[in-house]
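Read through the structure below, which is laid out as structure tokens, and then see the notes.
The values are calculated or read from the model by the stated rules, or taken from the named source; none is laboratory data. All values derive from a computational prediction rather than experimental measurement. Using ideal geometry, Cβ is built from the backbone for each residue, glycine included, and neighbour counts are taken over all protein chains shown. Just so you know, the surface numbers come from the protein's heavy atoms only, side chains and all, with ligands and any DNA or RNA stripped out. Shrake-Rupley method; radii C 1.70, N 1.55, O 1.52, S 1.80 Å.
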Amino acid sequence: MKQKVIAIVGPTAVGKTSMSIEIAKTFDGEIISGDAMQVYKGMDIGTAKITESEMQGIPHYMIDIKNPDETFSAADFKSYVQMYITDIAARGKVPIIVGGSGLYIQGALYDFNFSKHKRNHAIVHKLERILAKEGIEPLYNKLKTIDPKQAEKIHPNNHRRVIRALEIYEATGMTMAERQRQQNTETPYDIFFVGLQMERKLLYERINARVDKMIKEGLVDEVRSLYEKGYEHCQSMQAIGYKEFLPYFRHERSLEKSIDILKRNSRRYAKRQYTWFKNKMKVTWYTMVPGEVDKQRRNILRDLAGFLKKE
């Protein structure tokens, strides 16, 4: 019999964290962070990392397990998540994965075989030489030509992902979308995907308010500390909430403009998250409406109770 797993997904700022605590308390669960950036130590405010008081005693995993100068791949994420699912279930608890990193969650729960696609360092070095000599524009234009759908998902400032997409195409002759279609469509787990959604205008207001709160809590100083420690070119600093301030520290952009761009990028990311989960997984969606959140919470707990009882 497949191990039951609860996955709580949806766009940033929709309320996944508080919902996950309620679910974990109700069903004796433990939580695995599905946010690929929360693995990094010292990146707390910008990743909206849950605080110890917010955890309310519920064990959390996949948080603060890497230093900012370490790499962390979808394959790494899969290994950790599957290990924690096994460990949590072995102790009679319910594994609950909560997040936002669509490909990472899909790869872990559907057991994608990442080992088939090891890095081709010759191609990577060739692309990196082009980047150093000519900038990102020719590489990004090439990606738009060979894989326009992937180009839409990747910001040109995310050099690492642009190079990875081109590397995969040059090494295999397949786009990333074609490669993903070859992956497993069956999962080794029995999963209930709880999807939280919200009317777009309200969600965007919540995202903007969250960014303002992050600024008040010291986000700029958090990013400055990482920048001054020499992490500027690390994978971790390409995360939304961090990369937007790098031009500010280089005196290339004002703080106000950087904050505006962070809000814009966060809204765009929320849209991409929602689209990913809508198209890639069988999610049961619950619309969070002001004044009816408690009602939806009861609906979710009722549906999950039925799921967990079902053999």
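So which pairs qualify, if the first residue must be in segment 213-239 and over 13 Å from THR47 (Cα atoms), the second must be assigned to a helix (DSSP H, G or I) and of a type in the set (S, T, N, Q), the Cβ gap must be under 8 Å, and the two must be at least 6 apart or on different chains? Matching pairs, first to second residue: LEU226/SER236.
So, GLY291, is that one surrounded by fewer than 16 Cβ atoms within 10 Å (Cβ to Cβ), among the small types (Gly, Ala, Ser) and either in contact with a Pro (Cβ under 8 Å, 6 or more places away or on another chain) or assigned to a helix (DSSP H, G or I) (or both) or not? Considered against the rule, which asks whether it is surrounded by fewer than 16 Cβ atoms within 10 Å (Cβ to Cβ), among the small types (Gly, Ala, Ser) and either in contact with a Pro (Cβ under 8 Å, 6 or more places away or on another chain) or assigned to a helix (DSSP H, G or I) (or both), GLY291 comes out as no.
Would you list the helices (runs of 4 or more DSSP H) that sit entirely within segment 80-167 and hold 1 or more residues that are over 25 Å from GLY195 (Cα atoms) and of a type in the set (Lys, Arg)?
The qualifying helices (runs of 4 or more DSSP H) are 121-134, 137-146.
Sub-6 Å Cβ pairs linking a first residue in segment 181-195 that is farther than 14 Å from LYS280 by Cβ to a second residue that is modelled with pLDDT of 65 or more and in a loop (DSSP other than H, G, I, E, B), at least 6 apart or interchain, are PRO188/ASP111; TYR189/LYS2; ASP190/LYS2, ordered by first then second residue.
Would you say GLU186 is surrounded by fewer than 14 Cβ atoms within 10 Å (Cβ to Cβ), out of contact with any helix residue (DSSP H, G or I) (no Cβ under 9 Å at 6 or more places or on another chain) and charged (D, E, K, R)?
Against the criterion (surrounded by fewer than 14 Cβ atoms within 10 Å (Cβ to Cβ), out of contact with any helix residue (DSSP H, G or I) (no Cβ under 9 Å at 6 or more places or on another chain) and charged (D, E, K, R)), GLU186 qualifies.
Out of the residues in segment 10-61 meeting the condition of being assigned to a loop (DSSP other than H, G, I, E, B) and touching a Phe, Trp or Tyr at 6+ places or on another chain (Cβ under 6 Å), tell me which one is nearest to SER258 (Cα to Cα). Out of the qualifying residues, it is GLY46. Under 30 Å from GLY230 (Cβ atoms), open to solvent by less than 20 Å² (accessible area, probe 1.4 Å) and at pLDDT 95 or above - does that describe any residue in segment 58-66? So far as segment 58-66 goes, yes, one or more of its residues are under 30 Å from GLY230 (Cβ atoms), open to solvent by less than 20 Å² (accessible area, probe 1.4 Å) and at pLDDT 95 or above. Just one of (1) in contact (Cβ under 8 Å) with a residue 40 or more places away in the chain; (2) hydrophobic (A, V, I, L, M, F, W, C); (3) under 30 Å from ARG119 (Cα atoms); (4) in contact with a strand residue (DSSP E or B) (Cβ under 6 Å, 6 or more places away or on another chain) fails for ILE31. It is (3). Tallying residues that are at pLDDT below 95 and surrounded by fewer than 21 Cβ atoms within 10 Å (Cβ to Cβ) within segment 36-47 yields 0. The sole residue among ALA132, ALA122, ALA151 that is modelled with pLDDT of 85 or more, open to solvent by less than 20 Å² (accessible area, probe 1.4 Å) and of a type outside the set (Ser, Thr, Tyr) is ALA151. Suppose the filter is in contact (Cβ under 8 Å) with a residue 24 or more places away in the chain, farther than 29 Å from GLU167 by Cα and open to solvent by 60 Å² or more (accessible area, probe 1.4 Å); does THR26 pass it? Yes; evaluated as a whole, the condition is true for this residue. How about segment 234-249: which of its residues are of a type in the set (A, V, I, L, M), open to solvent by less than 20 Å² (accessible area, probe 1.4 Å) and in contact with a Leu (Cβ under 9 Å, 6 or more places away or on another chain)? Within segment 234-249, MET237 is the sole residue that qualifies.
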